[in-house]
Amino acid sequence: PGPLSSRRCGSAKKVPACAGSSLGKGRGSKLQAMNAKPARLENIVTDKGKVPVYATGIIEQPWDDYSDGDHDVWRQLYERQREILVGRACDEFLAAQDAMGMTPDRIPKFADINAVLEAATGWTLIGVEGLLPELDFFDHLANRRFPVTWWIRRPDQIDYIAEPDLFHDLFGHVPLLMNPLFADYMQAYGRGGVKAHGVGPEALANLTRLYWYTVEFGLINTSQGLRIYGAGIVSSKGESLYSLESPAPNRLGFDLERIMRTRYRIDTFQKTYFVIDSFEQLMEATRPDCVPIYERRATLESLPAGSVLDSDEVIQRGNGDGWAADGDV
Ligand code: HBI
Ligand code: FE
């Protein structure tokens, strides 16, 4: 779950408060009435189908209002993923989760995480309703604030949810913010996004692809072999296995401009994974001014997600098994 298309969302229409919110089963909600139920603004997002985009307000994590069912969903997902990720996620990810004091027992308190995270890299978590319009999102990242959705998915959504919930954000995205290089990359990414937003929709599309193929679905080379660092993978049972073990997808060496040309779908496993050698490489890639890159990029066609070019560093050429044939991207 993650990136929206680069186009501005259509007009928001008010819809009833989200049925999915797990709120209200708590003991005497402490939330003000206005925050009692998040307002889910369904915006029609053109070329990626309908993706809910939420209000942009920051809200306090309603920790006392999480139900036992919510904590149970966290525990189930946490225990299942941690078991799968040993030997699959990069060591930095697993070590950071432990260092932050994350456990399966209860949904972590943002305030507790912030005490550790802020001391480590200056990042803090803020509670949000869910997906934010790009500019709001970029601006938070540029200021070392990571938006975390305050609600967790329902039990019937354990295996898949189309939008980022608390588990995706807190379990998937937050731990690597403890890594100084990744923390710097995420802030540089946010600053780049604010600039790209000023340049225009094409520039923005480049940035959302970069986010997709690194922060969400990136792999990293290690001495023990390929490992996962992307949040979209580590928070997904199926893709944690598929991304490393399936013969179907391509696995290509990281190449910034190549990634910026590569389209993606938000509702299937990736056809192509890009592999970095280190977080330094990721940070270095965002140093140069991106505007000349956008100008060069604009002269080249974007590529279907499953392409392999002669100029690619091919670690594995996928056999394409099970690739979605409809709605090619
Ligand atoms: N909003 N809350 C939230 N979380 C995200 O990961 C997020 C977002 N809005 C936009 C977005 N990601 C992507 O389009 C980025 O590529 C900008
Ligand atoms: Fe995400």
Complete set of residues in the stretch 100-120 that are surrounded by fewer than 18 Cβ atoms within 10 Å (Cβ to Cβ) and either under 30 Å from Gly198 (Cα atoms) or within 16 Å of ligand 1 (Cβ to nearest atom) (or both): Glu118
Residue that is farthest from ligand 2 (Cβ to nearest atom), among those in the stretch 212-246 that are under 22 Å from Leu166 (Cα atoms) and surrounded by fewer than 23 Cβ atoms within 10 Å (Cβ to Cβ): Leu241
Set Pro164, Pro147: member being of a type outside the set (Gly, Ala, Ser), within 14 Å of Leu77 (Cβ to Cβ) and within 11 Å of ligand 1 (Cβ to nearest atom): Pro164
Which listed residue, of Gly172, Gly130, Gly193, is outside any helix (DSSP H, G or I), crowded, with 23+ Cβ neighbours inside 10 Å and either within 16 Å of ligand 2 (Cβ to nearest atom) or under 13 Å from the mean Cα position of the chain (by Cα) (or both): Gly130
Sole residue being more than 16 Å from ligand 2 (Cβ to nearest atom), in a helix (DSSP H, G or I), among the small types (Gly, Ala, Ser) and crowded, with 23+ Cβ neighbours inside 10 Å, chosen from Ala203, Ala188: Ala203
Residues located in the stretch 135-166, provided they are away from ligand 2 (no atom under 11 Å from the Cβ) and hydrophobic (A, V, I, L, M, F, W, C): Leu135, Phe138, Leu141, Ala142, Trp150, Trp151, Ile152, Ile158, Ile161, Ala162, Leu166
Matching option when the condition is in a helix (DSSP H, G or I) and aliphatic (A, V, I, L, M), among Leu241, Leu226, Leu300: Leu241
Selected residue (only one of Ala89, Ala115 is touching a residue at least 60 places away in the same chain (Cβ under 8 Å), over 20 Å from Thr56 (Cα atoms) and among the small types (Gly, Ala, Ser)): Ala89
Qualifying residue in the stretch 279-299 (condition: closer than 15 Å to Arg227 by Cα, of a type in the set (Ser, Thr, Tyr) and either surrounded by fewer than 17 Cβ atoms within 10 Å (Cβ to Cβ) or touching a helix residue (DSSP H, G or I) at 6+ places or on another chain (Cβ under 9 Å) (or both)): no
Given (1) crowded, with 17+ Cβ neighbours inside 10 Å; (2) among the aliphatic types (A, V, I, L, M); (3) in contact with a strand residue (DSSP E or B) (Cβ under 9 Å, 6 or more places away or on another chain); (4) modelled with pLDDT of 95 or more, number of the condition Leu309 does not satisfy: (1)
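The values are calculated or read from the model by the stated rules, or taken from the named source; none is laboratory data. As the structure is a computational prediction, the values presented were derived from the model and not from experiment. In this analysis, Cβ positions are derived from the backbone assuming ideal geometry, glycine residues included, and neighbour counts consider all displayed protein chains.
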